[in-house]
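Data first, discussion second: the structure below is written as structure tokens.
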Amino acid sequence: MASSSSSTTGTGSPCGACKFLRRKCASDCVFAPYFCSEQGPARFAAIHKVFGASNVSKLLLHIPAHDRCEAVVTIAYEAEARIRDPVYGCVAHIFALQQQVACLQAQLMQIKAQLAQNDMNSSHNIVENQWQENLSGTVPSYMNPISPQSSLESVELNSGDSVNLQEIQSRHEEF
């Protein structure tokens, strides 16, 4: 791109804006630093159609020189968006992005809910497994796991054990 003091490129051709407007590029051309002679006319066409060259020139002159490049990029984007969508312009893109954000936030909430449910299920399973492990380690072999009967009654009902009732009673009397 050309510097602001020289409005032409190394080949001596006018800037893209002046080329599009078919005018001689002055040495103090405000468009020269931002619109090269090769790609500038196509880029400047949208800006000229939407905003007008005179309006953009006045606007750029009121902006500090160090901020003009960003301003030109923004103006070009808004002009191209307005040509693509004459009713909404760049606002249509903003709405689309907002809708995408809302959709992604809903998905994120759904995934967080699934993770919370999975965490609850896994912690419940861990607690249940630990409880079953602890329970299986503490239940005496002579107790009937089906009914909450006393140990003496379960010994009588549990015929598979070789321990007899008198041995249990004698052990109990020793204590």
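Readers should treat all values here as calculations from the given coordinates under stated rules, not as data from a laboratory. This one's a predicted model, so the numbers in the text were calculated from it and none came from an experiment. Positions of Cβ are generated from backbone atoms using ideal geometry, with glycine treated the same way; all protein chains shown enter the neighbour counts.
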Next item on the list: With a/c under 1.5 counting as rounded, go ahead and sort region 16-84 into rounded, prolate or oblate using the C-alpha gyration tensor (a ≥ b ≥ c being the square roots of the eigenvalues; past the cut-off, prolate if a/b is larger than b/c, else oblate).
Entry: oblate
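Between LYS24 and CYS103, what is the FRET efficiency for a Förster distance of 41 Å, r being their Cβ-Cβ separation, to the nearest 0.05? Can you show the working numbers first?
Numbers: r = 52 Å, r/R0 = 1.27.
Computed FRET efficiency for LYS24 and CYS103 comes out at 0.20.
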Notebook entry, point to check: Mind checking which lysines have their C-alpha under 26 Å from LYS19, skipping anything on the same chain fewer than 8 residues away?
Noted result: LYS49, LYS58
Notebook entry, point to check: Got a sec? Charge dipole of region 36-110, +1 on Cβ for Lys and Arg, -1 for Asp and Glu; which of ALA65, GLY52, ILE83 is way out at the positive end?
Noted result: GLY52
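For region 16-84, give the magnitude of the charge dipole about the Cα centre (Cβ charges: +1 Lys/Arg, -1 Asp/Glu; no others), in debye to the nearest 20. Write down the numbers at each step before the final one.
Values: 10 positive and 6 negative charges, 74 e Å.
So the dipole magnitude of region 16-84 works out to roughly 360 debye.
Lys and Arg at +1, Asp and Glu at -1: add these up for the other residues within a Cβ distance under 14 Å of ALA92 and post the number. If you can, show how the numbers build up before the last one.
Details: positive: ARG82, ARG84; negative: GLU78, GLU80, ASP85.
Summing Lys and Arg as +1 and Asp and Glu as -1 gives -1.
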